[in-house]
Amino acid sequence: MIFKTRGAKETQKLAANLAQKTANSKPLKHARIFALEGELGAGKTTFIQGFAKALKIRQRITSPTFVLMRHYKLKTINWKLLVHIDAFRLRDWHDLASLGVKDIFADPGNIILIEWAERVRPILPQKRIKIHIDHLGNNTRKITITEK
Ligand SMILES: Nc1ncnc2c1ncn2[C@@H]1O[C@H](COP(=O)(O)OP(=O)(O)O)[C@@H](O)[C@H]1O
Ligand SMILES: [Mg+2]
């Protein structure tokens with residue numbers, strides 16, 4: 001599906017809708033994966049902020065560029081953790097594998113959002129949702145959501 005947003009707020013609202021739908025759905029056999037792609041400043045972190053807020057996460061979300069990964073507790077029956085990964089500084093998927101992400105990917109209770117997911121594609125579970133964000137103008141973005 002393709003969406004066009006005009007401003008960060010609209011992108012966050014789209015993300016919040018997706019978060020709600022995810023929260024209300026049944027877990028898979030492994031974690032739910034959202035693979036975010038798009039250049040610097042596209043709005044990947046902005047999207048994740050809207051997603052997290054809809055799941056009642058109160059902390060301020062920023063790109064975990066240097067720590068690579070952050071965890072936030074979810075207080076629902078089905079979902080335990082929201083995991084935010086930023087692959088910007090990784091050379092390739094081997095770097096992520098060495099952080100022990102396989103266990104995190106395997107847990108059905110986790111919702112995982114990955115910025116720069118294109119850099120670590122080989123390690124991602126097949127079943128995932130791709131969110132590709134393109135710049136259209138200063139405040140406009142094209143957001144393509146593809147389910148695999
Ligand atoms: N339609 C839009 N959707 C998302 N962000 C937007 C939009 N219009 C303007 N912006 C701005 O673009 C920037 C996106 O930054 P950020 O989310 O950190 O990008 P990324 O994580 O992809 O590098 C923010 O400053 C945000 O306010
Ligand atoms: Mg970012």
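Go through the stretch 37-49 residue by residue and turn each phi into a ³J(HN,Hα) via Karplus (6.51, -1.76, 1.60, θ = phi - 60°); whole Hz please, and just put x for glycine and proline.
Each residue of the stretch 37-49 in turn: 10, x, 5, 4, x, 5, x, 5, 5, 4, 4, 5, 4 Hz.
Give the aspartates and glutamates reachable from K4 as a straight Cα distance under 16 Å; neighbours fewer than 8 places away on the same chain don't count.
Filter leaves E37, D134.
Below 18 Å, Cα to Cα, which lysines can K80 reach? Residues fewer than 8 away in the same chain don't count.
Output for K80: K21, K26, K29, K53, K56, K102.
With labels modelled as points extended 7 Å from the Cα through the Cβ direction, what inter-label distance (nm, one decimal) is found for R6 paired with K75?
Placing both labels 7 Å along Cα→Cβ, they lie 3.7 nm apart.
Only counting other Cβ atoms within 10 Å, I'd like M1, M69 sorted with the fewest neighbours first. Kindly include the intermediate steps, with their values, before the conclusion.
Values: M1 7, M69 17.
With the fewest neighbours first, M1, M69 line up as M1, M69.
Note down the magnitude of the dipole of the chain about its Cα centre, charges +1 on Lys and Arg C-beta and -1 on Asp and Glu C-beta and zero elsewhere, to the nearest 20 debye. Walk me through the intermediate numbers first.
Details: 28 positive and 12 negative charges, 125 e Å.
That gives a dipole near 600 debye.
Using the Kirkwood radius over Cα pairs, work out the Stokes-Einstein diffusion coefficient for the stretch 2-147 at 10 °C and 1.306 mPa s, in µm²/s as a whole number. Walk me through the numbers before you get to the answer.
Numbers: Rh = 15.1 Å.
This corresponds to a translational diffusion coefficient of 105 µm²/s.
Beyond 14 Å, what share of the Cα-Cα pairs of the stretch 96-143 remains, rounded to the nearest whole percent?
Percent of Cα pairs beyond 14 Å in the stretch 96-143: 59.
The numbers here are math on the coordinates, done by the rules we state, and not lab data. This is a predicted model, so every value here is computed, not measured. Because the Cβ atoms are built from the backbone with ideal geometry, glycine has one as well, and the counts that use them run over all protein chains shown.
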